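Participant: Please see the structure below; I have some questions.
Just so it is clear, none of the values below were taken in a lab; they were calculated from the coordinates. Owing to the predicted nature of the structure, the values given are computational and were not obtained by experimental measurement. A quick note on method: Cβ atoms are made from the backbone with ideal geometry, for glycine too, and the neighbour counts reach across all protein chains shown.
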Amino acid sequence: MKIILAKSAGFCWGVSRAVDKARGLADAGDGPIYTDGPLIHNEQLMARLRSEGILETDNPGDASKGTLLIRAHGISPERRLALTRHAACLVDATCPDVAKIQGKIRKHARTGYDIIIYGDEGHAEVIGLLGYAEGKGHVVNGRDDVEQLPQLDKVCLVSQSTQFPAAYSGIAELVKMRFPGAVVLDTICIATKRRQAELLEIAGQADVIVVVGGAHSANTVRLVELAKTKKPTIHIQTADDIDAGMLKDFRVAGLSAGASTPAFIIDEVMARLEKI
């Protein structure tokens, strides 16, 4: 089978930066290393990190004698304050792209804007972004959510960094119709735009699309949704999920992966596909 690999497949720079920070702290021997929740939505890499002494926790008290790392998704100011009170050492690995969105939200909230966030309610990044809206944040994920918003005077719309650009444009139009004069900020990260554009490009050359990534990875799930609009699509988490039977009718496979999929898993998938 011929494989066309997307150049952007795998770690985005924000995730890579967070993992490198965690491993650097562990290598330096800075006491026990904890992450505030799972550092990455990939169980295989999390298992490797645990073996390297990097542990996830939901209880900041665990890091009272160690180092606690804020993951790439970012956190709310309230959460940051709570972590500061408990952790002996707090290290921030928030993706700089997410940090920029946080800053834009805070700036507009403090000048009288209500903040509408297009994203997945309950996602770690969105929870963190809401904290910067200082009580004036609203999460929407579709037309119904926009229609159910209360009447607002000044509105600023932002997006979770990993959403579909096309879907965000649609939401922006709805928001501007509902709230004329709304400020719309482009907050989808470049890595997300590039990853989605490359997927569409390889879809034109492939018979089937294989997307590698965790079932709980939001950006991976969106890649799968996009791929399904173009070609038959298979979503797997590791090479062990590949069944030659599911690919027997195809000669060329396009391969992409979510931002939390490590290179070693992509390599294993490539090797398995090439044998079919």
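Participant: Using θ = phi - 60° and the Karplus relation 6.51 cos²θ - 1.76 cosθ + 1.60, list the HN-Hα couplings for segment 132-141 in order, rounded to whole Hz, with x at every Gly or Pro.
Facilitator: For segment 132-141, the Karplus-derived couplings read 7, 7, 6, x, 10, x, 9, 9, 10, 9 Hz, x marking Gly and Pro.
Participant: Fewest Cβ neighbours within 10 Å first, please rank Leu149, Leu83, Leu68, Leu129 accordingly.
Facilitator: So the ranking, lowest neighbour count to highest, is Leu149, Leu83, Leu68, Leu129.
Participant: Still on this structure: Roughly how many nanometres apart are two label points built 7 Å out from the Cα toward the Cβ at Thr84 and Lys230?
Facilitator: 4.5
Participant: In sequence order, what are the phi-derived ³J(HN,Hα) couplings for segment 175-191 according to the Karplus relation 6.51 cos²θ - 1.76 cosθ + 1.60 with θ = phi - 60°, rounded to whole Hz, with x for glycine and proline?
Facilitator: Result, ordered by residue: 5, 5, 5, 6, 10, x, x, 4, 8, 10, 9, 7, 10, 6, 6, 4, 4 Hz.
Participant: Using modelled backbone amide H atoms (1.01 Å from N, in-plane), which distant-in-sequence or interchain residues come within less than 5 Å of Glu56's amide H?
Facilitator: It is Thr35, by chain and number.
Participant: When the helices in the chain are scored as -39500 (n - 2.57) per DSSP H run of 4 or longer and the sum is shared across all residues, what 222 nm value do you end up with, to the nearest 500 deg cm²/dmol?
Facilitator: It lands at -12500 deg cm²/dmol.
Participant: Using 7 Å Cα-to-Cβ label points, what is the Gln148/Asn59 separation (nm, one decimal)?
Facilitator: 3.6
Participant: Okay, moving on. Would you mind checking Lys193/Lys248; Lys100/Lys228; Lys136/Lys176; Lys104/Lys154; Lys100/Lys193; Lys7/Lys107 for any pair whose Cα atoms are more than 24 angstrom apart?
Facilitator: Over 24 Å Cα-Cα: Lys193/Lys248; Lys100/Lys228; Lys7/Lys107.
Participant: Taking K and R as +1 and D and E as -1, what net charge do the other residues with C-beta under 11 Å from the C-beta of Gly37 add up to?
Facilitator: That sum, taken over residues with Cβ under 11 Å, equals -1.
Participant: Counting other C-beta atoms within 10 Å, which of Asp267, Asp207 has the fewest, and how do the rest follow? Please report the intermediate quantities before stating the final value.
Facilitator: Working: Asp267 12, Asp207 16.
By the 10 Å Cβ count, ascending, the order reads Asp267, Asp207.
Participant: Okay, moving on. Using a cut-off of 15 Å between beta-carbons, work out the net charge of the residues near Leu152 (Lys and Arg +1, Asp and Glu -1, Leu152 not included).
Facilitator: Combined, the nearby Lys, Arg, Asp and Glu give -1.
Participant: May I ask for the net charge around Glu78, where only other residues with Cβ less than 12 Å from the Cβ of Glu78 are counted and Lys, Arg are +1 while Asp, Glu are -1?
Facilitator: +2
Participant: Rounded, prolate or oblate: which one fits segment 13-95, using the alpha carbon gyration tensor with axes a ≥ b ≥ c (rounded when a/c is under 1.5, else prolate when a/b beats b/c, else oblate)?
Facilitator: Oblate, since a/c reaches 1.5 and b/c is not below a/b.
Participant: So what's the convex hull volume per residue for the Cα atoms of the chain, in Å³?
Facilitator: Once divided by residue count, the hull of the chain is 123 Å³.
Participant: Once amide H atoms are built 1.01 Å from N in the peptide plane, which residues 5 or more positions from Ile4, or in another chain, come under 5 Å H to H?
Facilitator: Ala253, Gly254, Leu255
Participant: Under 19 Å from a point placed 7 Å out from the Cα of Asp207 along the Cα-to-Cβ direction: which residues of segment 246-276 have their backbone N that close?
Facilitator: Inside the label zone: 246-256, 270-276.
Participant: Still on this structure, I have one more. Output ³J(HN,Hα) for segment 230-239: one whole-Hz value per residue in order, computed from phi by the Karplus curve 6.51 cos²θ - 1.76 cosθ + 1.60 with θ = phi - 60°, and x for Gly and Pro.
Facilitator: 10, 8, x, 10, 10, 9, 10, 9, 9, 4
Participant: Would you grab the residues whose amide H sits under 5 Å from the one on Phe250? Only those 5+ places off in sequence or on another chain, please, with H modelled 1.01 Å from N.
Facilitator: When sequence neighbours closer than 5 places are left aside, there are no close amide H contacts.
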